[in-house]
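Undergrad: Right, I'll just put the structure down here and ask away after.
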Protein chains: 4
Amino acid sequence: MSLNITDLKVGVIGVGAIGKEHIKRVNYLTGAHVTAVFDVNNDQVRSWLTQENIEAEVFDNGVDLINSDMVDAIVVASWGPTHEEFVLAAIEAGKYVMCEKPLAVTEEGCRRIIDAEMACGKRLVQVGFMRRYDKSYRQLKSVLDQKIIGEPLTLNAWHHAPEAPGFSGDMAITDSFVHEADVLRWLLDEDYATAQVILPRKTQISSEPELQDPHIMILSTKSGVHISVQSFVFCQYGYDIQCQITGEKGVAALPDPATTVIRTNASLQQEIFVDWKDRFFDAFDVEFQEWIDGARAGQLTGPTSWDGYCVSVTIDACVKAKYSGGIEKIELPEKPEFYN
Amino acid sequence: MSLNITDLKVGVIGVGAIGKEHIKRVNYLTGAHVTAVFDVNNDQVRSWLTQENIEAEVFDNGVDLINSDMVDAIVVASWGPTHEEFVLAAIEAGKYVMCEKPLAVTEEGCRRIIDAEMACGKRLVQVGFMRRYDKSYRQLKSVLDQKIIGEPLTLNAWHHAPEAPGFSGDMAITDSFVHEADVLRWLLDEDYATAQVILPRKTQISSEPELQDPHIMILSTKSGVHISVQSFVFCQYGYDIQCQITGEKGVAALPDPATTVIRTNASLQQEIFVDWKDRFFDAFDVEFQEWIDGARAGQLTGPTSWDGYCVSVTIDACVKAKYSGGIEKIELPEKPEFYN
Amino acid sequence: MSLNITDLKVGVIGVGAIGKEHIKRVNYLTGAHVTAVFDVNNDQVRSWLTQENIEAEVFDNGVDLINSDMVDAIVVASWGPTHEEFVLAAIEAGKYVMCEKPLAVTEEGCRRIIDAEMACGKRLVQVGFMRRYDKSYRQLKSVLDQKIIGEPLTLNAWHHAPEAPGFSGDMAITDSFVHEADVLRWLLDEDYATAQVILPRKTQISSEPELQDPHIMILSTKSGVHISVQSFVFCQYGYDIQCQITGEKGVAALPDPATTVIRTNASLQQEIFVDWKDRFFDAFDVEFQEWIDGARAGQLTGPTSWDGYCVSVTIDACVKAKYSGGIEKIELPEKPEFYN
Amino acid sequence: MSLNITDLKVGVIGVGAIGKEHIKRVNYLTGAHVTAVFDVNNDQVRSWLTQENIEAEVFDNGVDLINSDMVDAIVVASWGPTHEEFVLAAIEAGKYVMCEKPLAVTEEGCRRIIDAEMACGKRLVQVGFMRRYDKSYRQLKSVLDQKIIGEPLTLNAWHHAPEAPGFSGDMAITDSFVHEADVLRWLLDEDYATAQVILPRKTQISSEPELQDPHIMILSTKSGVHISVQSFVFCQYGYDIQCQITGEKGVAALPDPATTVIRTNASLQQEIFVDWKDRFFDAFDVEFQEWIDGARAGQLTGPTSWDGYCVSVTIDACVKAKYSGGIEKIELPEKPEFYN
């Protein structure tokens, strides 16, 4: 509700496609509104704000925005390599920050954030892994936690996107698989031990002929759960996220989204989404509402900097495994008490 | 967003279970907040508002609330027989009103509302048929409108609820089937011509042994589409809403909700919801957001008083058919230009 | 196996499309072979036998075939109006007979067969209702019989065929719905009490523009189970047989056939059969094998002349209801002890 | 049909559980009957034949049976280590032989059979890989062959059995995975290049606590298709065979078997088979009928000794990989022209 003086005043850094969505999102959710923004292209931002009829102060500098009295909490949606600086500034200012993935582009960067947050003595950072907020992942986790299928033994997942124009190098790992790297740890509630990457026969249907596609990421967890994730970013047919877990007593899997069941032309059909937003739009709303509620209550509950760090180490191990062809260890220090 | 002076000030009449949900809903949605409430038991309301930390004026009288400057638009969620009075008062005050079903408890009451609204010259009334806002009904309507299955010929629907303690007499028609009476007209985009009601063998598993359950409502539309709706309010197994439409080239149907797919104990399983809120909660949010947006823009787009009137005539015909055992005509005057 | 002297020597009357299939079927099944055939066009039959390398005596007359020592049991697959004569002759000869539907084209014809069979004192006649032998109908009946869904209250069925060139008049009832008329009695294990026929809006996509299509047959059973069967013989999209039964504790339904699950072009798809043989071919094999086994063991277990008679009365009531527009009674004499 | 003098006279070696089924099967299929049997425990066999009313000569020696004039073709269903001897004897006798898997227990044994068969100049040997005859595998292969999903890139399969009492050592590979080792080559129509075996966290719910369960077999084909097969022989919940193939334009997968769809107790359910015979019984019938037809026509079409040899090499590579933990090469000589 609007007039409540406890409303969280949010500053948004980075006003690209995703930043714009987050500005609108914060404004239609409950308990917060956007008061300040910063982008490297502020002119474009000003005209967009006018066009959308959004009132917010435009800052010339991200750190000034962070330190302003107009801002209680920060959303970082800028270019990946800038995340670390802004998150560290938010910690120094003692303000809550929601940082889009990645937390930082290097393992060391993640460590610096962890160290700063622990030094400040309060959990201020949340990382934007929105799948944890998706209804069907949450229901799957609930099934696991209730032991309906017993202890998990193996997990098989797909990350299929119809196309990914502009993808190159290891982006299928760093930008796409990164979501599984987080959500599978959370589902299974344990850390990874090893990584292997298999490069199957390459698709010939792609706008990026140099790109290896698909990739198979094989992970094991500390208890020995075998994980296989198929990332296929030019799969053509749709945006299709699957996750099946085999346990001692059964199998639990994400459902296909509920779409109209059609019988026509000798075929029983249901639409498969093409746009990832159709699949995960609601998850972003829940993620931000819980972050706002947590910030207002002084207690964040979402993915932590430690989670961001673990994902970073995992991604690095996968990239290493891709080129070595072997099985790489994923070594993490003991989890600090602070993050329990 | 909160500080916007164009926020719609909403008064809520009737603060029972559904009224309470609507108060919270208006407050977390965008562009409106609840400023005033009235209930026959205002003491209880005051303590609930305190407990929920909601600031709103408590009026001693529904009509005073409607006429107050504190109120731009009204939600009527009180006992059915009181709806007509409050809707008429809102029209007289020239204010937008969202009226929970039924619009009025008699056909004549609905007519008086239509006449008043037409006399005032502006569409002010929306009726609370929330299924039109459900994602899967909207997708089904889109499939129909695109003629993917050709012209519709028959429609088969289920309205299954696990139990309905306290149901008696014709409530399966007036309180449960009423949702299909609206949503099927909207899906097919035409009016009904006849009604027949079949009373099958009665379930013996019910807390209301006097209640006939299930009912089969058979309707035909003006173009001859055959409709069969099975209302089964003590079906035991879950809250299960189905709708299948057979067209000249195919069949389109609501999907089952997407729930975790589990394989265990020699069985492939998916949860069926038991609570109707799990099925339609999101639809209420969309319904109210669109009503708020419409009221602020001066143009409502939802179900009109004419729709409420047509449903009322349909329900009356079904109740008559239930007792006559025959096929009853559903006769409507021509639709006023005003409602096109 | 071939050399067994107990092999049933089968004579087939009527060597059209279905008769030819039955000849091959009897020959590849166990415990029987075709020794004799008769058709109104014996020349065509002789060349077909040669072509298929099948050795069988060609009779000039159906009754002579029935009475020949070369024949232990008879299959009647000739034109419907000839069935009664051949079945009566088989009874008189004291030989087992499998008669394709209909048993006779009139209720009186069916009665004459029943009377003759009872007079002879032995069950010799089986009627060709093959759906009772379909795996998925049998599994559905098993679920009902185990009371997994409690007592049945309503039943909803589809009989959808892609097209039925040459259909006219009431053939959708007499030739298509006739299968449901038998199989639903068997599933529910009780007789029908009333029939009503609703004629929905007619499809415009049909090679038979005069034909009413679809039809809705509404039956009630003696205990009050409400049955609705949608017969749609030019449905275009496929051959699609559905049957859902709502009981006091749940719903049980035929599954869709298991066909490859394909994800392509933004669509999750499974093939729907177009040819009814793909759906029911196996059922014919089981039907004939059980008939052969029963004949050899001296104890038939399949649909009886009484079943054929009940279906005949039901079909007559449906045709009458189609033209009266009202609810017609289905009146049957008490079932003779002989058929229990 | 029985009296045909071209009936194939079949001798069966090994009359255990599977041998008994094959004897009945040959007798109820078309064009063959069992004339001779041999087992290490002939006394038991004689009483079983009497009990089942089957007439067949009982031989004291498998090789005598093979060479007897009473026998046109041989089924080998004895203990695995005896297969090679009987197959070689059948080749020497110039008679068709259906050999249950494995063709031989060593790669060298398979080679000796290939060499003998090529020396004799005629394809006489078929190996009992019945999955190729399963309706849903055949439909899947047809989808692949039509390029509906484009070129295959990855394949994911499950071989889940509820329990496997008595399994030890590498039987999950040699006795269970052996079916996938054949059927996946056939589906993809190419040979394997490498094998890796991953041993996930072990189930604690098993009657064989020493047994590693599940296993993950990872294969690559020569063109680079990535294959992952999960063998889980104590999965508890059912006998569940899955196979999903990701191609350049889509995904194709085996369907779940069609079983009654039940809604009860807040759950949408379909039975999962527990017994493998419910899943593959029909496939055995088709396999044997095609073998009989092929033998009578002088042209076998099923899995060859070369296929048996390739599977043997694959199984050996998997067992080696299981213990080495590495990626093992699967090296095959060039396929002889004889087997094309």
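Undergrad: Summing both sides, how much accessible area is buried between B and C? Use a 1.4 Å probe and give Å² to the nearest 100.
TA: Working: alone 16030 and 15990 Å², together 29270 Å².
So the total buried area for this chain pair works out to about 2800 Å².
Undergrad: Within the accessible area of chain D, what % is carbon and sulfur when the probe is 1.4 Å and the other protein chains stay in place?
TA: Numbers: 6290 of 12780 Å².
Answer for chain D is 49 percent, counting heavy atoms of protein chains only.
Undergrad: Once you average over the residues of C:24-31, how many Cβ atoms of partner chains fall within 10 Å of each Cβ?
TA: Details: counts 2, 0, 1, 4, 6, 4, 6, 2.
Whole-number average of other-chain Cβ neighbours for C:24-31 is 3.
Undergrad: Let me ask something else about it. Evaluate peptide D:269-277: per residue, the Cβ atoms of other protein chains within 10 Å of its Cβ; return the mean as an integer.
TA: 4
Undergrad: Moving to a separate point now. Rounded to the nearest 0.05, what FRET efficiency do A:L332 and B:N265 give with R0 = 41 Å and r taken as the Cβ-Cβ distance? Could you check? Before the final figure, lay out each step's value.
TA: Numbers: r = 37 Å, r/R0 = 0.91.
With R0 = 41 Å, the Cβ-Cβ based efficiency is 0.65.
Undergrad: On a C-alpha basis, how far is the centre of region C:267-303 from the centre of region A:230-261 in Å? Whole number, if you could?
TA: 35 Å
Undergrad: Please report the antiparallel percentage of DSSP beta bridges with both residues in chain C, rounded to the nearest 5. Show your work: numbers first, answer last.
TA: Values: 29 of 55 bridges.
Taking every DSSP beta bridge with both residues in chain C, the antiparallel ones total about 55 percent.
Undergrad: In addition: Can you compute the modelled spin-label distance between B:E108 and A:D115, with each label point 7 Å from Cα toward Cβ, in nm?
TA: Between B:E108 and A:D115, the simple spin-label model gives 8.4 nm.
Undergrad: Okay, next question. Please determine, in degrees from 0 to 90 and to the nearest 10, the orientation of helix A:42-52 with respect to the longest principal axis defined by the Cα atoms of chain A, where the helix direction is its Cα long axis.
TA: Relative to chain A, helix A:42-52 is tipped by roughly 90 degrees.
Undergrad: So which lysines pass the test for A:K329, namely a Cα distance under 30 Å, with those fewer than 8 places away in the same chain ruled out?
TA: Hits, sequence-local ones excluded: A:K101, A:K141, A:K147, A:K202, A:K222, A:K249, A:K320, D:K202, D:K222, D:K320, D:K322, D:K329.
Undergrad: Any chance you could check the Cα centroid distance between region D:52-116 and region A:98-143 for me, in angstrom?
TA: 65 Å
Undergrad: Using the alpha-carbon centroid of each, what span in Å lies between region C:172-195 and region A:166-220?
TA: 56 Å
Undergrad: A further question follows. With a 10 Å cut-off between alpha carbons and a GNM built on chain A, which of A:I149, A:I315, A:I227 moves the most?
TA: Maximum fluctuation in the GNM of chain A, among the listed residues, is at A:I149.
Undergrad: Give the accessible surface of region A:24-120 per residue, rounded to a whole number of Å², with probe radius 1.4 Å and ligands, DNA and RNA excluded.
TA: On the way: 4360 Å² over 97 residues.
The answer is 45 Å² per residue.
Undergrad: Would you kindly work out, in nm and rounded to one decimal, the distances from the label point of B:T50 to those of the same position in each other copy, ordered shortest first, with label points 7 Å along Cα-to-Cβ?
TA: Label-point separations across copies, in nm and ascending: 5.1, 9.5, 10.5.
Undergrad: Shifting gears a bit: Distances from A:L199 to the same residue in each other copy, label points 7 Å out along Cα→Cβ, in nm, shortest first?
TA: So the distances to the same position in the other copies read 3.0, 7.0, 7.5 nm.
Undergrad: Can you give me the angle between helix D:276-297 and the longest principal axis of chain D, using Cα atoms only, in degrees from 0 to 90, rounded to the nearest 10?
TA: For D:276-297 against chain D, the angle is about 50 degrees.
Undergrad: If you build a Gaussian network model of chain B, linking Cα atoms that sit under 10 Å apart, which residue out of B:I327, B:I262, B:I114 swings the most?
TA: Most flexible of the set in this elastic network: B:I262.
Undergrad: With the other protein chains left in place, how much accessible area per residue, in square angstrom, belongs to region B:141-295 at a 1.4 angstrom probe? Don't jump to the answer; show the numbers that get you there.
TA: Working: 4770 Å² over 155 residues.
I get 31 Å² per residue for region B:141-295.
Undergrad: For chain C, with a Gaussian network of springs between Cα atoms less than 10 Å apart, report the residue from C:P152, C:P165, C:P303 with the top mean-square fluctuation.
TA: Per the Cα network of chain C with a 10 Å cutoff, C:P165 tops the list.
Undergrad: Now, a different point. Between A:T301 and D:W79, what is the spin-label point distance in nm, taking each point 7 Å from the Cα along the Cα→C-beta axis?
TA: For A:T301 paired with D:W79, the spin-label model returns 6.3 nm.
Undergrad: Against the longest alpha carbon principal axis of chain B, how many degrees, from 0 to 90 and to the nearest 10, is the axis of helix B:83-93 turned?
TA: 40 degrees
Undergrad: Let me ask something else about it. Could you work out [θ]222 nm for chain C from helices alone, using -39500 (n - 2.57) per DSSP H run of at least four and dividing by all its residues? Round to the nearest 500 deg cm²/dmol.
TA: Working: 9 runs with 118 residues, N = 340.
Rounded to the nearest 500, it is -11000 deg cm²/dmol.
Undergrad: Okay, next question. Could you put A:D182, D:D64, D:D43 in order of accessible surface area, largest first, with the 1.4 Å probe and the full protein assembly present?
TA: Solvent-accessible surface, decreasing: D:D43, D:D64, A:D182.
Undergrad: Shape of chain A from its Cα gyration tensor (a ≥ b ≥ c, root eigenvalues): rounded if a/c is under 1.5, otherwise prolate when a/b > b/c, or oblate?
TA: Details: a/c = 1.58, a/b = 1.36, b/c = 1.16.
Judged from the Cα gyration tensor, chain A comes out prolate (a/c at least 1.5, a/b above b/c).
Undergrad: Provide a whole-number value for the mean count of partner chain Cβ atoms within 10 Å of the Cβ atoms in peptide C:154-164.
TA: On the way: counts 9, 1, 6, 0, 5, 0, 4, 0, 1, 0, 0.
The shielding value for this peptide is 2.
Undergrad: From the label point of D:G121, set 7 Å from Cα along Cα→Cβ, how far away are the matching label points in the other copies, in nm, ordered shortest to longest?
TA: 6.8, 9.6, 10.6
The values are calculated or read from the model by the stated rules, or taken from the named source; none is laboratory data. All of these numbers come straight from a predicted model, not from anything done at the bench. Every residue, glycine as well, gets a Cβ built from its backbone with ideal geometry; the counts of neighbours run over all protein chains shown. To get the accessible areas, we keep the full protein, side chains included, count just its heavy atoms, and leave off ligands, DNA and RNA. Shrake-Rupley method; radii C 1.70, N 1.55, O 1.52, S 1.80 Å.
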